[in-house]
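The values are calculated or read from the model by the stated rules, or taken from the named source; none is laboratory data. Just so it is clear, the model here is predicted, and its values are computed rather than measured. FYI the Cβ positions are ideal-geometry reconstructions off the backbone, even for glycines, and counts take in every protein chain you see. These area figures cover heavy atoms from the full protein model, side chains too; ligands, DNA and RNA do not enter into them. Shrake-Rupley method; radii C 1.70, N 1.55, O 1.52, S 1.80 Å.
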Amino acid sequence: MPPPQLPPPISRHVAVIGAGAAGLVSARELRREGHDVVVFERDNQVGGTWVYNPRVEPDPLSLDPNRRIIHSSLYSSLRTNLPREVMGFKDYPFIAKNDKKRDQRRFPGHREVLLYLQDFASEFGIEEMVRFDTEVVHVGPVEDNIGKWIVRSKRKISDDDREVSFGFDVDEEIYDAVVICNGHYTEPRIAQIPGISSWPGKQMHSHNYRTPEGFQDQVAILIGSSASSDDISREIAGVAKEVHVASRSVADETYQEQPGYDNMWLHSMIESVHDDGSVIFRNGRVVVADIILHCTGYKYHFPFLDTNGIVTMDENRVAPLYKQVFPPVLAPWLSFVGLPWKVVPFPLVELQTKWIAGVLSGHIALPSPEEMMEDVKAFYETLESSNKPKHYTHNLGGCQFEYDNWLASQCGCPGIEEWRRQMYDAASKSKRLRPEIYRDEWDDDDLVLEAYGDFTKYT
């Protein structure tokens, strides 16, 4: 007997907000599934957070709500902390180009990632769906109809290099569904430090760090111990007098000189700061510092979204979301892509968007809103019983591949390749053991060969 035929897909009119990696692959998957797609992008090019901007915001802590926002958080020297084989989309491998103008390193610089995303957009004809220089200012359900959404946008119609007023063309349209892909590296989180209001030194967030020149001969304190802090602390140690890294994730008594440096130390978190310029750490050490650099991450930020209180933000938890994507009451007409962190983002958002596209077309069924809400509540209870704070809701570091494979099972497509999991683990281990050289020396060539064998299916 012939296999049962799927019902014909239902084509929806879908708005995608953002043309970074998540928005680009959303557009591709939605169109593959037969939907009519419009992508809104406030910049004049694709790439999102991977578009480097040497300029920084006038407020170094980015707290002023009226500041001119710079959307890039890239620093000039940034290289990926994942090997390119792991990093790429599953069916569009991030392979080195045989081109002298391209960065062929296995852990390339940020420009190479942008070029990869531009190649992806070109390969799949995505730019024709993108409205550039167009900022979404309002998204909300049509009154009494959660299956229809108002999207209000303003399009830049003139550019002025002197950064005075722009002209805008305002538009309002109705869509069947909205997919939010606006990233989460623009609105900084700042550490709360007792006494900081009277401390006389400078402060900035890593969002506004580009190069180390401003740290020449300074005594600098960095707060945070993740990727940006690792990179920036090592970079500024080359010019600064002293670098002190304060981490919440070490014991209170921690005080360690960093291997390979005679001017950099790891401390426990800051206890307090004082008006004489001193900074007291929980380990009892006192340092008189010139500058505190917050490498403390970012907040989710959806200033355009109005769901009448259905979707809330509490301690950086976007809630309630079924499987990190759908608000149960508004599903599938509103969805979020790319919220999880401590993950390999490109394959994850590829699978999220396959799921969303299939659900919108009717090829994939969701549980009832009540069942989805029960699942969400059970997930939050699990976090609470594990003593995980709310702001870890979207941290999938320990279960990302299980999550990816769950998404793949919903879509009826292959999950994460075993070589990709093993290569990710090998890179993570190498980064811990050899933080200075892991990007240029490795010992997993067998996995690289396996990956490139796999890539022949797509290249």
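Okay, here's what the table says:
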| quantity | calculated |
| --- | --- |
| Debye-sum result for the chain in log10 I(q)/I(0), which assumes one identical scatterer on each alpha carbon, at q = 0.11 Å⁻¹ | -0.97 |
| Two-site FRET efficiency, GLU371 against GLN256, from Cβ-Cβ distance with R₀ of 60 Å, rounded to 0.05 | 0.75 |
| For the chain, share of DSSP beta bridges that run antiparallel, in % to the nearest 5 | 50 |
| Computed lengthening from THR307 to ARG155, 0.36 nm per intervening residue step minus Cα-Cα distance | 52.4 nm |
| Diffusion coefficient, µm² s⁻¹, Stokes-Einstein with Kirkwood Rh over alpha-carbon pairs of the stretch 37-175 at 37 °C and 0.692 mPa s | 185 |
| Percent carbon-and-sulfur accessible area, the stretch 401-441, ignoring ligands, DNA and RNA, probe 1.4 Å | 50 |
| Ratio of the Cα radius of gyration of the stretch 253-340 to 2.2 N^0.38 Å, where N counts its residues | 1.73 |
| Antiparallel DSSP beta bridges within the stretch 229-276, percent to nearest 5 | 40 |
| Cα gyration tensor of the stretch 3-65 - equivalent ellipsoid semi-axes, whole Å, descending | 37, 11, 9 |
| Measure of compaction for the stretch 202-294 (Cα Rg per 2.2 N^0.38 Å) | 0.97 |
| Percent of beta bridges antiparallel (DSSP, the stretch 202-294, rounded to nearest 5) | 35 |
| The stretch 312-353 - Rg over Rh from alpha carbon coordinates, Kirkwood radius | 0.98 |
| Ellipticity estimate at 222 nm from DSSP helix runs (n ≥ 4, -39,500 (n - 2.57)) divided over the chain, nearest 500 | -8000 deg cm²/dmol |
| Eligible lysines near LYS154 by straight Cα distance, threshold 28 Å, same-chain separation 8 or greater | LYS299 |
| Segment ASP314-PHE455, length gained on full extension (0.36 nm per residue, minus Cα span) | 46.6 nm |
